[in-house]
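The values are calculated or read from the model by the stated rules, or taken from the named source; none is laboratory data. Everything numeric in this text was worked out from a predicted model, so none of it was measured. FYI the Cβ positions are ideal-geometry reconstructions off the backbone, even for glycines, and counts take in every protein chain you see. Heavy atoms of the whole protein, side chains included, go into the accessibility calculation; ligands, DNA and RNA do not. Shrake-Rupley method; radii C 1.70, N 1.55, O 1.52, S 1.80 Å.
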Amino acid sequence: MECKLVTEQSELEMGLSVRMEVFVQEQGVSPDEEVDGYDVSPSACRHFLVTDEGRPAAAARWKTFEPGIAKLQRIAVRLPYRGRSIGRLIVSAMEEDAAKLGYESAILDAQCSAEAFYQKLGYATISAEPFYDAGILHVRMSKNLR
């Protein structure tokens, strides 16, 4: 497995294909809600891709939420690759990238079904109540990167 920062349009397109498979096809999210202005180019934000012998396995991105706070988003692992620590791999890579760039903490909006996974990675739930995003219940979580 290789996890890398996306630098090429072809890599971005592979990551978008993962997200479309996971969020749109599996979970029923509208394509218009899934893809936004941060997906127009590899430099629009910090996109990451995990590949397995050249095949896309997982994708995610992060962007600035507030000064010093990175927001991890669109974390998606294709079904055949789940349960193999690939989610942990891509989240860790984004955290390390953000920390190297001087970010002190990270936040993410986790689907409630994934809350325990992120807790195992050191995230704490900070939202008082679950909320809907794209028709799916989420909680906001935070982690110190220092």
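Can you give the accessible area of LYS4, probe radius 1.4 Å, in Å² rounded to 10?
Here the accessible area works out near 60 Å².
Using a probe radius of 1.4 Å on heavy atoms only, what accessible surface per residue do you get for the chain? Whole Å² is fine.
I get 51 Å² per residue for this part.
Please compute P(r) over all alpha-carbon pairs of the chain, binned at 5 Å starting from zero, and give each bin as a whole-number percent.
2, 10, 20, 24, 23, 16, 5, 1, 0
For region 61-146, which semi-axes, largest first and in whole Å, follow from the square roots of 5 times the eigenvalues of its Cα gyration tensor?
Equivalent ellipsoid of region 61-146: 19, 17, 11 Å, largest first.
Output ³J(HN,Hα) for region 57-67: one whole-Hz value per residue in order, computed from phi by the Karplus curve 6.51 cos²θ - 1.76 cosθ + 1.60 with θ = phi - 60°, and x for Gly and Pro.
Karplus-based 3J(HN,Hα) across region 57-67 equals 10, 7, 8, 6, 8, 9, 8, 6, 8, 9, x Hz.
Positive end of the charge dipole of the chain (Lys, Arg +1 and Asp, Glu -1 on Cβ, about the Cα centre): tell me which of MET14, ALA58, ALA93 has its Cα farthest that way.
Value computed over the given set: ALA93.
Given H placed on each backbone N at 1.01 Å, which residues far from ALA57 in sequence or on other chains put an amide H within less than 5 Å of it?
Amide H neighbours of ALA57, under 5 Å, 5+ apart: VAL50, THR51, ASP52.
Could you work out the pair-distance distribution P(r) of region 30-99 from its alpha-carbon pairs, with 10 angstrom bin width and percents rounded to whole numbers?
Result, from short to long distances: 19, 49, 29, 3 percent.
For region 75-110 and region 17-60, what is the separation of their Cα centres, given in Å?
Taking the Cα centre of each part, region 75-110 and region 17-60 sit 13 Å apart.
Relative to the Cα centre, what is the charge dipole magnitude of the chain, using +1 at the beta carbon of each Lys and Arg, -1 at the beta carbon of each Asp and Glu, and rounding to the nearest 20 debye?
Roughly 540 debye, rounded to the nearest 20.
Ranked from highest to lowest mean number of other Cβ atoms within 10 Å per residue, what is the order of the peptides 50-57, 72-79?
Peptide ranking by packing, descending: 72-79, 50-57.
Once label points are set 7 Å from the Cα along Cα→Cβ at both SER113 and GLU8, what is their separation, rounded to one decimal in nm?
3.3
Return a whole-number percent for the relative contact order of region 3-138, with Cα pairs under 8 Å and 6 or more residues apart as the contact set.
It comes to 21 percent, rounded to a whole number.
As a test of reading the structure, rank PHE65, PHE48 by solvent-accessible area (1.4 Å probe, protein chains only), most first.
Correct descending sequence by accessible area is PHE65, PHE48.
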